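Undergrad: Below is the structure I would like to discuss, written out as structure tokens.
The values are calculated or read from the model by the stated rules, or taken from the named source; none is laboratory data. This structure is a prediction, so every number in the text was calculated from the model and none was measured. Positions of Cβ are generated from backbone atoms using ideal geometry, with glycine treated the same way; all protein chains shown enter the neighbour counts. Ligands, DNA and RNA are excluded from the accessible area calculation, which covers all protein heavy atoms including side chains. Shrake-Rupley method; radii C 1.70, N 1.55, O 1.52, S 1.80 Å.
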Amino acid sequence: MALLEAKNLTISFGGLRAVDDFQISIEKGRLYGLIGPNGAGKTTVFNLLTGVYKPNEGIITLDGKDITGKKTIEINKAGIARTFQNIRLFKELSVIDNVKAGLHNHHPYSVIAGILRLPKYFREEKKMTEEAMELLKVFDLDGEAEYLAANLPYGKQRKLEIARALATRPKILLLDEPAAGMNPNETQELMDTIRFVRKQFDMTILLIEHDMKLVSGICEELTVLNFGRILAQGKTSEVLNDPEVIKAYLGE
């Protein structure tokens, strides 16, 4: 059984079908890519999978459970976490507090406990701090735990966003153009980070990306979107050699 599956996903905006009959099936542990020209509907697919948009048609299942149309926070608790093309950190908070924000779903305490600083509040805060530091060590960010997130270099902000997403304990991680704005050295480091995350956390990963070196270097399977519809789908090597993909996407 697929970990994440979408069938016949369709959504329209003002009469225009942004995504039309989208299908995907991702097995646990796979590293899967979603590519296509600008405006092809890739981020819209991510928004459908994470509850930002509700599909007009179709169904989404995670680990066999229907999550179609559920709220974003419910989908996150069910096991889908994501990052964004334009990094969305809490930049006025510290590095460690960004990660702790992702842990709150798993360390609940009542509002009263928080306001009155009851013992449970301190116990949970201690657990979150320890868990957050362990995650930061994984990404070599523990030395900057008290820095403001806004003061981190660009590449480390990317790492922090991934760490925060992993703090929600997802079953599948969605990365929206993680290499955007990176130089070649940073992109190579990102590839190493993604491979490490997959192995270290036994993580299933779906990523949107334009960098073909990154895509061909780490993705095992690909779906190519064009004008909201699937143009090609299958093993990476086969898809990237498909004449229709080369013509429509690579511009050759």
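Undergrad: Pick out, in residue order, every one of the GluC sites (Glu not before Pro) in the stretch 126-161 that is DSSP loop and has at most 10 other C-beta atoms within 10 Å; say none if there are none.
TA: Working: sites: Glu130, Glu131, Glu134, Glu144, Glu146, Glu161; in loops: Glu146.
Counting only loop positions with at most 10 other Cβ atoms within 10 Å, the GluC sites (Glu not before Pro) in the stretch 126-161 are Glu146.
Undergrad: Percent relative contact order of the stretch 154-252, based on C-alpha pairs within less than 8 angstrom and at least six residues apart? Spell out each step's value before the answer.
TA: On the way: 87 pairs, mean separation 19.5, N = 99.
So the answer I get is 20 percent.
Undergrad: For the chain, give me the percentage of DSSP beta bridges that are antiparallel, rounded to the nearest 5 percent. Kindly include the intermediate steps, with their values, before the conclusion.
TA: Numbers: 21 of 37 bridges.
Bridges in the chain are about 55 percent antiparallel.
Undergrad: Okay, next question. For the stretch 1-109, what is the accessible area per residue in Å², given a 1.4 Å probe and the full set of protein chains? Walk me through the numbers on the way to the answer.
TA: Working: 5020 Å² over 109 residues.
Value for the stretch 1-109: 46 Å² per residue.
Undergrad: Hey, what's the per residue convex hull volume over the C-alpha atoms of the chain, in cubic angstrom? Can you show the working numbers first?
TA: Numbers: hull volume 34.6 nm³, N = 252.
Hull volume over Cα atoms, normalised by residue count, gives 137 Å³.
Undergrad: Search the structure for amide H atoms under 5 Å from the amide H of Leu3, placed 1.01 Å from N in the peptide plane, and list their residues when 5 or more places away or on another chain.
TA: Excluding prolines and chain starts, which carry no amide H, the hits are Ile26, Glu27, Lys28.
Undergrad: Another question, then. Please report the accessible area of Asp142 (heavy atoms, 1.4 Å probe, ligands and nucleic acids excluded) in Å², nearest 10.
TA: Rounded to the nearest 10, the figure is 60 Å².
Undergrad: Enumerate by residue number the trypsin sites (Lys or Arg not before Pro) in the stretch 49-103 meeting two conditions: DSSP loop (anything except H, G, I, E, B), and at most 14 other Cβ atoms within 10 Å of the site's Cβ.
TA: On the way: sites: Lys65, Lys70, Lys71, Lys77, Arg82, Arg88, Lys91, Lys100; in loops: Lys70, Lys71, Arg88, Lys91.
Answer in residue order: Lys71, Arg88, Lys91.
Undergrad: Which of Lys137/Lys171; Lys71/Lys100; Lys126/Lys199; Lys28/Lys199; Lys70/Lys171; Lys42/Lys235 have a Cα-Cα distance over 23 Å?
TA: Working: Lys137/Lys171 21 Å; Lys71/Lys100 21 Å; Lys126/Lys199 27 Å; Lys28/Lys199 12 Å; Lys70/Lys171 17 Å; Lys42/Lys235 18 Å.
In this structure, Lys126/Lys199 exceed 23 Å between Cα atoms.
Undergrad: A further question follows. Grab the Cα-Cα distance for Thr129 and Leu16, subtract it from 0.36 nm times how many residues apart they are, and report the gain in nm with one decimal. Intermediate values should be presented prior to the final figure.
TA: Numbers: separation 113, 0.36 × 113 = 40.68 nm, distance 4.65 nm.
Length gained, Thr129 through Leu16: 36.0 nm.
Undergrad: Which FRET efficiency, nearest 0.05, do Glu186 and Ala150 yield, Cβ-Cβ r, R0 22 Å?
TA: On the way: r = 18 Å, r/R0 = 0.83.
My answer for the efficiency is 0.75.
Undergrad: Another one. Set the Förster radius R0 to 22 Å, insert the Cβ-Cβ distance between Asn38 and Ser216 as r into 1/(1 + (r/R0)^6), and round the FRET efficiency to 0.05.
TA: On the way: r = 20 Å, r/R0 = 0.89.
Working from the Cβ atoms, E equals 0.65.
Undergrad: Taking R0 as 30 Å, what's the FRET efficiency between Lys7 and Arg169 from their Cβ-Cβ distance, rounded to 0.05? Let's see the in-between values first.
TA: Working: r = 26 Å, r/R0 = 0.87.
The pair Lys7/Arg169 has a calculated efficiency of 0.70.
Undergrad: Report relative contact order for the chain in percent, whole number only (criteria: Cα-Cα under 8 Å, sequence separation at least 6). Walk me through the numbers on the way to the answer.
TA: Values: 451 pairs, mean separation 67.1, N = 252.
Reported relative contact order: 27 percent.
Undergrad: So how tilted is helix 119-138 from the main axis of the chain? Cα-based, degrees 0 to 90, rounded to 10.
TA: 50
Undergrad: Quick check: at a probe of 1.4 Å, how many percent of the accessible area of the chain sits on carbon and sulfur atoms?
TA: Working: 6280 of 12300 Å².
Carbon with sulfur: 51 percent of the solvent-accessible area.
Undergrad: Ignoring ligands and nucleic acids, what accessible area does Asp211 show with a 1.4 Å probe (Å², nearest 10)?
TA: 50
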